Amino acid sequence: TSASFDVVPSGAQLIESVDGTATTYAGGSGLEFDVENTGSRSIEITDFAVEYSGANKLRNLTAPEVEILGGGTDGTASSIPGFDVDNTTYALDTNAVVQAGQQATIRLSEFQGGGFSSLTSVTLTDSSNADLTVTLTFGDGSKRVYYLKVET
């Protein structure tokens, strides 16, 4: 007899960035872009990392520094000292869930330090043109890196 099994795509394979959705946020102190769950099951987002040499940290005194909004269950991360933007992985305070076929907005605010002043434009790109990366970790342990080109 032969075993039969289904290959289940990882969260990293299913949560795709949505072209044309990247934009500045909060007067250029942050950014946001959309992702879409292209699969047929919900995907949980548990952790994040941001790498950007144009600032030292994400720090917002009035709202969560990281918000994942609108895909089913919103996720957030807040920190009094802020989050370093050196590709350190941090857990979300509340995990996000993106339902099958739904889009969610990934919002980061506010970049500070390291000579940062303001973002004037943000676009999704590939790894060779990226100034900033956002890595999401999913409930199954898989990770996906989203590449952004930013202008200040």
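Every read-out reported here was derived from the displayed coordinates using simple, explicitly stated rules and does not represent laboratory data. All figures in this text were calculated on a predicted structure; none of them were measured in a lab. Note that each Cβ is placed from the backbone with ideal geometry, even for glycine, and that neighbours are counted across all protein chains shown.
Values as computed for the structure displayed
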{"read-out": "Cα-based Kirkwood hydrodynamic radius, the range 13-151, one decimal, Å", "value": "14.7"}
{"read-out": "Long-range amide H partners of Ser121 with built H, under 5 Å", "value": "Glu151"}
{"read-out": "Burial order of peptide ranges 125-133, 44-52, 95-103 (average beta-carbon count within 10 Å, highest first)", "value": "44-52, 95-103, 125-133"}
{"read-out": "FRET E, pair Gln13, Asp93, Förster distance 25 Å, beta-carbon r, rounded to 0.05", "value": "0.45"}
{"read-out": "Förster radius 22 Å - calculated FRET efficiency between Thr73 and Thr23 (Cβ-Cβ, nearest 0.05)", "value": "0.40"}
{"read-out": "Computed over the range 45-152: relative contact order in percent, which uses C-alpha pairs under 8 Å that are six or more apart", "value": "33"}
